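First the structure, in the form of C-alpha cells, and then the observations on it.
Computed from the coordinates by the stated procedures, all read-outs in this text should not be read as laboratory data. Nothing here was measured: the structure is a model prediction, and the numbers come from that model. Neighbour counts run over all protein chains shown; Cβ positions are idealised from the backbone, glycine included.
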Amino acid sequence: MSVSVAYGADNEIYVEQSGATANLDLEQLGSANLIGGLLSSAGSMTALDLDGGTMTLDVNQIGDTNKFLGDITADNFVGFFEFDGDTNNFTIQVDPTNTYGADGSNVNVDVTGSTNTFTLDLATSSMSSNTDLDWIINGDSNVINADIDYDGGTNYMDIDGDSNTVNFDGQGYAGGYFYLDQTGNSRTFNINQMSTLDNDWLKILSTGSNGTICVIQNDGGSSVGC
C-alpha cells in the first residue's frame, strides 16, 4: 500500500486498509477538512476503512468545509475524487456487506464549488459488474445522490450551474446506462430505473430556466416514485 497525505490547519485523515493491491493518494489543503469514516466528526475519527481487491484511490479536497467519510470494500475499484471549495460533504460506501460486489468500477467525480452534498452508494445487492461513473459538476447549490447497484453500468453526469439536485437510484441485474448533461437554472431531476428484468437506458440533455423532472422506469425491480 502506498499513501501520501498533505495536511492543512483543520484537516484530519484516518485510513485503515487491509489486503490485496492498493495505491492511495490523499491530499487536503485548507478549511475544516476531514476524511475518516461515516461516523467521524471533528476530533472523533473513525476509519475510512477500504478493504481489499484491486484498488486505486486518489482524493483531493483543497478548501472550505469538506468531509469525505467512508467505507469502500472494493473490487477493481479505481476512484479519483476532487473537490475544490464550498460546503462539500461526500458520503460514499461502494460495497457494504456484498464484499467485492463493485466489480470493474471506475468512479471519477470532479467538482468545483458551491454548497455541495454528494452521496454515492455504488453496489449493495446487485453487484456493480461493469460500472463506470463519471461526474463533472461545476457550481451552485448541488446535491447529487446516486445509489447504483448495476450489473451492467455507466452513469455519466455533466452538470454546470444554478440550483442543481439530481437523485438517481438505478438497481439492476445487468441493466444500466444513464446519461445526463445539464447546464443551468433551477433544475431538480429525480430518476429511478430499477431494472430486475434487464435493460434501462436514459439520456437527458437539458439547458436552462426552471424545472422539476421526474422519470420512472420499472421493469419489476421494485416500486419506485419521485
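Remark: segment 112-211 carries a charge dipole of roughly 200 debye about the Cα centre, counting +1 on each Lys and Arg Cβ and -1 on each Asp and Glu Cβ.
For segment 113-196, the equivalent ellipsoid derived from the Cα gyration tensor has semi-axes of 24, 11, 10 Å, listed largest first. Computed from the alpha carbon atoms alone, the convex hull of the chain holds 93 Å³ per residue.
The label-point distance for T54 and I216, in a model that sets each label 7 Å from Cα toward Cβ, rounds to 4.0 nm.
Taking the Cα centre of the chain as reference, the dipole from Cβ charges on Lys and Arg (+1) and Asp and Glu (-1) amounts to some 340 debye.
Sort the following peptides by mean Cβ neighbour count (other Cβ atoms within 10 Å, averaged over residues), highest first: 70-76, 185-191. Could the numbers behind the result be given before it?
Numbers: 70-76: 22.9, 185-191: 18.9.
Averaged packing, sorted descending, gives the order 70-76, 185-191.
Label separation (D25 vs D198): 4.0 nm, computed from points 7 Å beyond Cα along the C-beta direction.
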